[in-house]
Amino acid sequence: MSLMREAHPLTLKVMRLSRPVLAETQPLLPLDSSESVLAQPLREAEQSRPTARGQIFSDLQLPDTRHPLDTFPLTETLVLPRSFGTMFLGETFLAQMCICNESSMVVRDVSVKVVVLTGPQQQQQQPLLDTSGSAQQLAAGQPLNLQITHEIKELGMHILGCTISYLSAQGEHKTLQRSFRFQAANPLVVKTKVNHLKRDVLLEVQVHNATPSPLVLERMRFDPASPFSVQDLNEVDGNKALLWGDSGGLMQPGDVRQYLYRLQPPAVTKDTTVEQERAVQYATALGKLDILWRGAFGSVGRLQTSQLLRKSPGMFLIEVEQAALLDRDTVSIEQPFVAQARIRNVSERKMAVSATVHTHKHPLMMPCGPVRHDLGELDVGQVRELELEFLPLAAGVQRFGAMAFCDNISGYTRELDYLLDVFVE
Amino acid sequence: MASLLGIRNSATKGALNDGSLFEHIPLEDPLDQLLSGSETRPRRQVPSDFSTAYSYDLLNQYISGAQWRSLALASSSTILKTPAHQLSALLKLWTYRTLALCNLRQFAAASRELHRLEQAGVAGWPFELRVLRAQLPGLAHHDWLLAIEQLSALTRACQRRSHDPLCRERMFRLQLLTIGACLRIRGGAELALSLLNRLLLSSADDPRVVSGAARIHLQLGCLERANELFGKVEALVQAKDDKLLLMNRAFCAVAAGRWEQAKELFASVADLSGEQPIDADRISAANNLALCELYLGNPQSMLNMLQHLMVSLPAAAGTSEELVFNYCTGLDLHYDGAKLRDAKAKKLSEVAIWAGDGFDTASFKL
C-alpha cells in the first residue's frame, strides 16, 4: 500500500522575521569630479539606480564636493534577511505565518495551533498560539496572517509544530500538520573564576563571542546574592566606554572579554553576631550574571546565568576580624610600630585564648615584646583586641604577624600565615 | 556572437591596444536566459562590428543605458583601433572596459585584464581605473585585505597632496571605500569603526556624514554610539522635518523594534499620498515603509506597496535589485507551487523590460 500525501486547499508558509539591514552599495567607480570623462554618464546611470546608491539624502543644500558620499558603503534601503540564519539562546524567535486558501472554494472553521517542541527527544511542548476559540473562514485566495514569538531558552533542536484544522468545502473536518526544525546555538561562552580577598570575593568573568557576527554587549550586570553587594570594577572614572576604546563595546566573532567584580559582604561591626558572620563565611551562592547584547540593526538577545557558586571559605572557630596599624599610616625601617587585631570567638562555647607569635616566619619583621599573649576567656561572640609590636629590618612590602591561636580549654589551634602586608619606607 | 579573443596583432603585442589583453566575456545575459522564449526585451543592440572605433558619445550612451555588454565590446573594439602611442586615450578606454566588466560582475576577468595591462608598464592611469584596480582583489577573489592595502596606498598618495581640493575629495571617497571593504571582512568591523571615527574628526559639522556614521553603528548593533551620533545630527540640522532627520529617527525606531513609529516616519518621507509624484530620493523610504508592514503582520500590504512602487517607477524602482528581492521574499511567504512560479515569472518579465545588463538575477530567489 502506498502512502499518498493528502492534498489540502490550504498552504502554510513560515518566515523568520529577523531584523532587516541596510543594503550595501557596490560603488565601483568614484565620481571623480573634474578630470573624468565618465563623471556625467555615470551620474546619469546612478540616477537610474537610486536604491543602490550610497547617497544620504537631505533637504539641506550642502555642496557635495566637500564630503562626497557616493562611495558611502550603505544605502538607505532596507532589505529583508537573506536566509533563516542561526538561532541563538537568549534571542526571541519571531516569525510570520501565512496560511492561504489556494482553492476556489470557501474553507470554514480554520483554527491554528502552534507549539514548540524542545528538550531531549523533543518531549517538552510549549504552546505558542491557539486560535481554536476564534475559528475563521477563508475565501478563495484569502490569506490568514499570524505572528508567533518564542523566547529561546534551551539549546539544541527546536521543532515548530503547526496544526491547522478546518472544514473543507465538502464539509469534512481536516487537519494539516507541518513542522519546521531549527537549532539553537550558544552565542556566548561564559567562564568564571572565584578569588578570595579576605572577606571579599573577586569574581573574574570571561565572555567569548561564539557567534559568526559582531555583537555589542550592551549590559553586563552582576546581580549579587545575599549577603553580598557588588562593586563593578569595569569602569574607568565611571565610564564603561573608555574601557573599550573606539569600538563602542563591539565584540568581533571569537573575541574574548574579561570582566572583574568585587563582592563585598556587610562590614563587621561590634554588633555583628556570630550567626551573621557564619552566614557570610558559609555562603556559597554569589549571584547571577545578566547579559544583554545587540546584533545587526539592534536585534537583541538576553541571557542570565544560573547561580554562580563558590567553595565557601568556612570559618575558623577563632576569627581575626580586623587587623590594622595602630595610630599610624606609614611604617619606617628600623622604627617599631604597633599592629592591632580584633580576635573573636565564633565557636559555640566559651574559650580561653592565647596567641603565640612565630618569630622565624618573617625574619625581616622582628616581633618586639612577648612572644605569647594570653587573651583570657572569651564567651561565644566575644571580641578581644590584641596589640603586637614589630620592628621592620628591611624596606619594601613586608608581610608579618604569623602566629597561632590556641583555645586552652578544648586544645583547638588555628594557624595564621600572616596578619598584614605593609609598605616599609 | 563572436568573441574578441583571438584578435592578435604582432605589431601591437605588449602595447595597450594588444588584443591578447582581453578576456572572453559571456555574451548571454542571465536575465535573458531566465525569460521564456516568447518574451522579449527592448532591443539592446550589441555591437557586432569589431573593425571600428566608437565615439565617446556612444560609449557614454551605453553607460547611461546600463548597456554594459555593449560597452565592453565597443570599448575593446575602440581600443584595438586606437594607435598605441595615444596612451591617455587608451587608458581612458580601458577605464570604460573595466567599468563594463565590473558591472557585468565579471570581476575575475577584469582583474586578469588589468594585471596584463600593468605588465605593459605604462604610468598615468586615470584615478577611476586605479580605484577599480584597488578594489578588484576583494570583488574577484574576496581578498579584501589586499583591497584595503591598495586603497590605503591610494589614500596615502592623495594625502601627500592634501593641499589640492581634488585630492582631498578623492581621499574622502577612498576612506569611505576602505571602510566598506573593512565591513566585508570577518572581524573587520572594529577597524571600520576606528576609520569612521577618524573620518568624523574632519567632518563632524556635516550632518550627512554624521548620519552615515550613525547608520553604520546601527547596522553593527552599536545602538548607544549610534544614538549619540543621531543626537549630534539633530543638533546640527535646524529644520526638524528635514528628511535626513526623519529617516534617522525611522532607522532608530526599526532598531528598537518600534514598527508603527518607523512606519509613520518612513511614510512622512515617502509622502505617498502627497501631491508630489514620488521621486528617486523617496523610493528607499517607500520600500522601508512597505517592509514595516511585514513586521506589523501585513505581508500582503508589503507586496501591494512594493508592486505599486515598482509599477509607478518601472525604471528607477522596478529594476531595483533590493526592491525585487524584498518583493520576491514576500511572494515566497504568500504563495506556493505553481502560483509562486507564475508570480515570479510575471515579475521577471516586468523587470526585464527596464533592467540593464548585469541585473543580479539572484534577487528573484529562484
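Just a few scattered comments:
- With one equal scatterer per alpha carbon and no solvent term, the Debye-computed log10 I(q)/I(0) for segment A:272-336 at 0.14 1/Å reads -0.72.
- With θ taken as phi - 60° and the Karplus curve 6.51 cos²θ - 1.76 cosθ + 1.60 applied, the whole-hertz 3J(HN,Hα) list for segment A:347-354 is 7, 10, 8, 5, 10, 10, 9, 10 Hz, x standing for glycine and proline.
- Isotropically averaged projected area of segment B:131-225, using the convex hull of Cα atoms (one quarter of hull area), nm²: 6.3 nm²
- Cα principal axis extents for segment A:58-119, largest first, Å: 63, 41, 18
- Surrounding net charge for residue A:194, when Lys and Arg each add one and Asp and Glu each subtract one, Cβ distance under 13 Å: +3
- Here residue B:32 and residue B:311 are evaluated by their C-beta separation; at R0 = 22 Å the FRET efficiency comes out at 0.50.
- Per-selection metrics, segment B:172-309 (Cα): Rg and Dmax in Å: 16.1, 47
- Per residue, the protein assembly as shown exposes 45 Å² of solvent-accessible protein surface, assessed with a 1.4 angstrom probe and all protein chains in place.
- For segment A:295-310, a reduction of at least 30 Å² in accessible area between the chain on its own and the assembled protein chains (probe 1.4 Å) is found at A:297.
- Two-decimal log10 I(q)/I(0) for segment A:95-245, as the Debye equation yields it once each C-alpha is a single scatterer, q = 0.12, 0.16, 0.20 Å⁻¹: -0.74, -0.97, -1.23
- For chain B, taking a cut-off of 4.7 Å between Cβ atoms, the unpaired cysteines are B:102, B:182, B:222, B:252, B:292, B:328.
- The contact residues of segment B:158-178, meaning those that lose at least 20 Å² of 1.4 Å-probe accessible area when all protein chains sit together rather than their chain alone, are B:166, B:169, B:170, B:172, B:173, B:176, B:177.
- Chymotrypsin sites (Phe, Trp or Tyr not before Pro) lying in DSSP loop within segment A:352-425, provided at most 16 other Cβ fall within 10 Å: A:412, A:418
- Volume of the convex hull of chain A (Cα atoms only), normalised per residue: 318 Å³.
- Dipole magnitude of the protein assembly as shown, debye to nearest 20 (Cβ charges: Lys/Arg +1, Asp/Glu -1, about Cα centre): 1740 debye
- Here is the interface size for A with B: some 8000 Å² of accessible area buried, both sides summed, with a 1.4 Å probe.
- Secondary-structure-derived ellipticity at 222 nm for chain B, considering helices only, amounts to -21000 deg cm²/dmol, per-run term -39500 (n - 2.57) for DSSP H runs with n ≥ 4.
- Kirkwood hydrodynamic radius of segment A:158-311, from inverse mean 1/r over distinct Cα pairs, in Å: 19.0 Å
- Comparing A:71, A:176, A:58 along the charge dipole axis of segment A:49-185, the residue lying farthest to the positive side is A:176, per the Cβ-charge model.
- The contact residues of segment B:183-201, meaning those that lose at least 10 Å² of 1.4 Å-probe accessible area when all protein chains sit together rather than their chain alone, are B:183, B:184, B:186, B:187, B:189, B:190, B:193, B:194, B:197.
- For the protein assembly as shown, projected area of the alpha-carbon convex hull averaged over all directions, nm²: 51.4 nm²
- Rolling a 1.4 angstrom probe over the protein assembly as shown with all protein chains present gives an accessible area of which 50% lies on carbon and sulfur atoms.
- The accessible-area ordering, largest first, of the residues A:328, B:186 stands as B:186, A:328, per a 1.4 angstrom probe.
- Euclidean distance between Cα centres, segment B:178-226 to segment A:366-391, Å: 64 Å
The values are calculated or read from the model by the stated rules, or taken from the named source; none is laboratory data. Keep in mind that this is a model prediction, so the values were computed, not measured. Don't worry about glycine lacking a Cβ; one is built from the backbone with ideal geometry, like all the others, and counts go over all protein chains shown. Keep in mind that these areas ignore ligands, DNA and RNA; they rest on the heavy atoms of the full protein, side chains included. Shrake-Rupley method; radii C 1.70, N 1.55, O 1.52, S 1.80 Å.
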